[in-house]
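The values are calculated or read from the model by the stated rules, or taken from the named source; none is laboratory data. Since this is a predicted model, take the numbers as computed values, not measurements. Neighbour counts run over all protein chains shown; Cβ positions are idealised from the backbone, glycine included.
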Amino acid sequence: MNIPKAPAFARIEVKKSKFLAYALPLASLSDIKEEVQKARAEHPDSRHVVHAAVVGPDGGEFSMSDDGEPKGTSGRPSLEVLKGREITNVLILIVRYFGGVKLGTGGLVKAYGDAVKSVLDVLETEPLVEKAEFSLNLSYHDHSPVRLLLDREGVEILSEEFGEGVSMSCRCPREVLEGLRPRVRDLTRGEGVINTPPG
């Protein structure tokens with residue numbers, strides 16, 4: 001599966017109706033409502049804001065909406081095109097400006113499908129990398145060299161707490177994590193141990 005590297009935009013016109021298609025990175029289905037509201041605010045004169053979304057490591061979670069278009073003419077065909085591309089963690093929003101000519105059921109299905117294809121054709125993606133979170137307790141003496149190593153390996157620091165020692169919470173690709181364990185042990189003379197949550 002691939003994921004979006006950055007947002008993308010495309011636009012098509014069908015019988016004077018304009019279809020503006022946006023592809024946005026998406027972390028959770030719960031974020032969709034806010035993105036739809038933003039699109040409505042940016043396009044107050046539009047007739048519909050249809051969406052299709054896929055999330056999860058295997059693309060197993062999805063959402064769609066016809067947003068007032070006849071049932072099955074917009075959300076479902078948009079989702080089917082999206083699912084056929086092997087892309088996850090993505091939200092497609094299609095903003096429609098009605099051009100005065102009715103497209104009919106078949107015309108709507110084709111128009112929404114084409115709008116999704118057009119934005120996916122310009123969307124830059126990268127392979128989905130499984131990430132792991134871990135925690136690390138260090139002495140103040142070991143903090144700087146370990147932090148340098150983590151930065152060099154592209155580890156994301158989620159939090160750092162400074163008390164008697166330094167407690168760190170981090171995230172990185174799983175394959176990077178396995179290589180870090182012995183290096184952190186060596187740097188800290190066996191005192192710094194990477195802890196991963198069970199499961």
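Brief remarks on what is shown
- Residue within the range 160-169 that is out of contact with any helix residue (DSSP H, G or I) (no Cβ under 6 Å at 6 or more places or on another chain), part of a strand (DSSP E or B), crowded, with 17+ Cβ neighbours inside 10 Å and at pLDDT 90 or above present: yes
- Of the set (1) touching a Leu at 6+ places or on another chain (Cβ under 9 Å); (2) of a type in the set (V, I, T); (3) surrounded by 14 or more Cβ atoms within 10 Å (Cβ to Cβ), all apply to V176 but (1).
Listed here are the residues, each with its yes/no results for (1) part of a helix (DSSP H, G or I); (2) under 26 Å from the mean Cα position of the chain (by Cα); (3) not assigned by TED's automatic domain parsing to the domain that holds R171.
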site	(1), (2), (3)
R40	yes, yes, yes
R76	yes, yes, yes
V101	no, no, yes
T105	yes, no, yes
G113	yes, yes, yes
S118	yes, yes, yes
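- Of all positions in the range 43-53, at least one carries a residue that is farther than 25 Å from A6 by Cβ and free of Cβ contacts under 8 Å to residues at least 40 places away in the same chain.
- Residues in the range 1-15 that are within 12 Å of the chain's Cα centre (by Cα) and part of a strand (DSSP E or B): N2, I3, P4.
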